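Everything below concerns the one structure shown next.
Values quoted throughout were computed directly from the atomic coordinates according to the rules given, and no laboratory measurement underlies them. In this text the structure is predicted, and so the values were computed from the model without any measurement. Positions of Cβ are generated from backbone atoms using ideal geometry, with glycine treated the same way; all protein chains shown enter the neighbour counts.
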Amino acid sequence: MLKRLFGKSPVEVWVIKQVDPDLIHLCGQGILESRDKRRAVLDALARGAFQGGVRMAGSGLVLNARLFTALVPLDDLTLTDDGQAHWQGRRWRVSQVPQRCWSFEGSLVVKEVSPVGGSGLISAEDVSGIRHRVDRDTPAAPGPVTFRPDNELEAHPLPSRDPKPRR
């Protein structure tokens, strides 16, 4: 009640990681962390000039607003049942951004998945730039590479202290 009286009620937003020509990469909902009054925060959002934290719904993580392309007040973006969104006077396809990509600072790509009852889009990190930097002349490993827990099949480097003396 007091927050509303003093104009500091939280501003809830849709968090958009990336905007492509016909697609938005949507992280979900968040609450803006700001000491400013609600009207000042909404004005900064309208100008695309909000600076501060975004508390991600469901996880409680607070991330810097600069990590995201757009922060949209809940009333300005509407999700439809067919996996699309209505925003800025047009319809957009929506790709869900998993939590691991929220703080990724590169571009995202879309992967199509088939959940029960239809199809959906999931965003993933675009790592194609890494492939271009790999030296083609680097020799391959001499044999198969196996990843396992440290010291799994190796003797411990320190001798064990057996409480019973050996006979």
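Taking the number of Cβ atoms within 10 Å of each Cβ as an exposure proxy, the fewest-first ranking of Cys27, Cys101 is Cys101, Cys27.
Evaluated with a Cβ-only charge set (Lys, Arg +1; Asp, Glu -1), segment 2-127 carries a dipole of roughly 680 debye about its Cα centre, given to the nearest 20.
FRET efficiency for Phe147 and Ser59, Cβ-Cβ distance as r, R0 = 22 Å, nearest 0.05?
Details: r = 29 Å, r/R0 = 1.30.
Efficiency, from the Cβ-Cβ distance: 0.15.
Qualifying GluC sites (Glu not before Pro) in segment 53-129, where qualification requires a DSSP coil assignment and no more than 12 other C-beta atoms within 10 Å, comprise Glu105. Note on His86, His25: ascending count of other Cβ atoms within 10 Å places them as His86, His25, the fewest first. For Ile31 and Arg90, the FRET efficiency from 1/(1 + (r/R0)^6), where r spans their Cβ atoms and R0 equals 41 Å, is about 0.95. Taking amide hydrogens as placed 1.01 Å from N in the peptide plane, the amide H of Gly52 sits under 5 Å from those of Ala65, Arg66, each at least 5 positions away in sequence or on another chain.
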